[in-house]
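Have a look at the structure below before the remarks.
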Amino acid sequence: MAAEGSRGALQAPAERLPVLQDSEASRTVAAADRQPPNARDGGETPESLRVPAAEERVGSSLGGRSIDPVESLSQLLEVSGEYKIPLPKAKFQAICSALHNQICSPAKQLSIENHKELFHCVLLLARSSPDDLLAFLDKQQKIEHEAVRVVSLELLRAIVGADLPETRVKKLLIVKSTLSDQNATTQGTFDRFGSLIGRIAPYSCDSLATSRQWVVDCISCLLCIQGQSINLGSAEEELRCLREALTAPDPEALFQASSKMARVVSEYFPSEQATDFIEATLGGLLSASPTCATAAGLWMKIILKECGGAMLDKVPDILAILYRHMPTIQEGSLRQFLVEAVSILAHHHREAVISSLLSKRLPMDSDTAELWRSLGGDPLLATQVLQALIEKIKTPARTEGNITSEAEIDRHLAAAEPLSATCAIFEVVSALQSSKAVRELLPELFPVLLQQVSQTLGQELPLPTRSSPSEIRKGLQLPEGNPCR
């Protein structure tokens, strides 16, 4: 989209803008204006906005460059936005209708490039006149035609995802409007509850009081959708009270109100959507707003604490998501939410967490070591984890079966498990604050560790797989003979 002609138009001085009146872009708008505001009522897509096929583009050129009416339109809209020149309302409505019709049209499948061009034009309209565009899309959602409604929702999602300065304040209002519409039409299970809660919840501590209150409205809509066949009971009343509490300017008061809201939601949270929720919430931890990031972490902890008991089959996936995000979340207080989430999961499903962490290959990287240390914060949990690790060393897993590549991998992992468990013991003990717990386990722990040392003497210890000279050079800095790190 960033064609040379577009850049030239944006750099033109204001007095030269009238030259565009005879351009292809201005003829595009003029043709669109001759169409009825809602072209869906029997009207056709304006020829000037119809996306041409490849062979049509080849036949028309200017200076050796094919003419694309949609690209010309985007140039005009970019100039309009750059110089704050509002389009006449009739032309704006006609362009909205033409673009919407083009995207909805079942007659010809759009290429990925054409699809992006049309959506880009819609985003430019959102920057030019957000209120008018949102009003147009709101009307489209009320049309009894599934394709029209789906495209309208896709465009709203694109506007929210683009995070435009002109629509940022209206973002939650858009979501609220969309959810209200969804509430009236959805039947059965709503499979996006977890991901939407994860995206919306952090804004409960946004700097704008209106945004915080819109979060309550959005969550109320989501609960109504999720619990259509359930009596929400006092949940609606609690949310109404929390809506008022979220007007407080004090961050601590906001965190308390947001946490209470998370507990209300946890009563209706579907455990099968746990991974979607965690993925979306971790995106909130990367928010530019410290209070929103903190709110995201609080919601993750509360949902895991209240609903984690039903997430046994999701433990490996949740740990994989947490582990994958650790390199990108380095700020101390936010990273703490990740390690606390692992500890909370371990309280619910200790064996599943231990097995998942032991499946990591040796040598143990710093992120895996930190996750093991998170299990040493609570003396009771740490003692239980250490006892389980001792058993892993005493009775290593065995694999039977034919000699295949998969079987060889299984045997390798089984052989490495006692060594992984030994490294894990080191990390857990290093984080354990209670010397009493270590003393009580020492009679059982010490002979097991000695046994493991004797078994590994003379064996080739696992080394990291490296594929580049730079990684090999980094590896030379590793402590020799330490398979744990």
Taking square-rooted eigenvalues a ≥ b ≥ c of the alpha carbon gyration tensor, is region 263-407 rounded, prolate or oblate, where a/c under 1.5 means rounded and, failing that, a/b exceeding b/c means prolate? prolate
From largest accessible area down, sort HIS120, HIS348; use a 1.4 Å probe on the protein chains. HIS348, HIS120
For SER366 and ALA209, extending 7 Å from Cα along the Cα-Cβ vector and measuring point to point gives, in nm, a value of 4.4
Over region 193-317, what is the relative contact order in whole percent, taking alpha-carbon pairs under 8 Å and six or more residues apart? 36
Report the extension gain between GLU331 and GLU306 in nm, rounded to one decimal, defined as 0.36 nm multiplied by the number of residues separating them, less their alpha carbon distance. 6.4 nm
For region 265-309, what does the accessible surface come to per residue with a 1.4 Å probe? Please give it in Å². 32
Where a ≥ b ≥ c are root eigenvalues of the Cα gyration tensor, a/c under 1.5 meaning rounded, otherwise prolate if a/b exceeds b/c and oblate otherwise, region 259-301 counts as oblate
Between the modelled labels at SER454 and LEU286 (7 Å from Cα along Cα→Cβ) the distance in nm is 5.0
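Figure the gain on full extension for ARG192 and ARG350 (residue separation times 0.36 nm, minus the Cα-Cα span) and round it to one decimal in nm. Mind dumping the intermediate values first?
On the way: separation 158, 0.36 × 158 = 56.88 nm, distance 2.84 nm.
Full extension of this stretch gives 54.0 nm more.
Report in % the part of the accessible area of region 252-388 that belongs to carbon and sulfur, leaving out ligands and nucleic acids; probe 1.4 Å.
Working: 2700 of 5200 Å².
Its accessible area is 52 percent carbon and sulfur atoms.
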Do any of LYS89/LYS139; LYS91/LYS139; LYS314/LYS436; LYS139/LYS260; LYS305/LYS392; LYS301/LYS394 go past 25 Å between their Cα atoms, and which? LYS314/LYS436; LYS139/LYS260; LYS305/LYS392; LYS301/LYS394
Cβ-derived FRET efficiency at R0 56 Å, ILE112 paired with GLU252, nearest 0.05: 0.70
Vicinal HN-Hα couplings computed from phi for region 243-256 (Karplus, 6.51 cos²θ - 1.76 cosθ + 1.60; Hz; Gly/Pro x): 4, 6, 5, 6, 7, 5, x, 6, x, 5, 5, 5, 4, 5
Give the separation of the Cα centroids, region 439-459 to region 267-332, in Å. 36
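To the nearest 0.05, what FRET efficiency results for ARG439 and ARG240 with a Förster distance of 60 Å applied to their C-beta separation?
Values: r = 53 Å, r/R0 = 0.89.
Efficiency for this residue pair is about 0.65.
The values are calculated or read from the model by the stated rules, or taken from the named source; none is laboratory data. Since this is a predicted model, take the numbers as computed values, not measurements. As a convention, Cβ positions derive from the backbone with ideal geometry for all residues, glycine included, and neighbour counts pool all protein chains shown. In case anyone asks, the SASA skips ligands and DNA or RNA and just uses the protein heavy atoms, side chains included. Shrake-Rupley method; radii C 1.70, N 1.55, O 1.52, S 1.80 Å.
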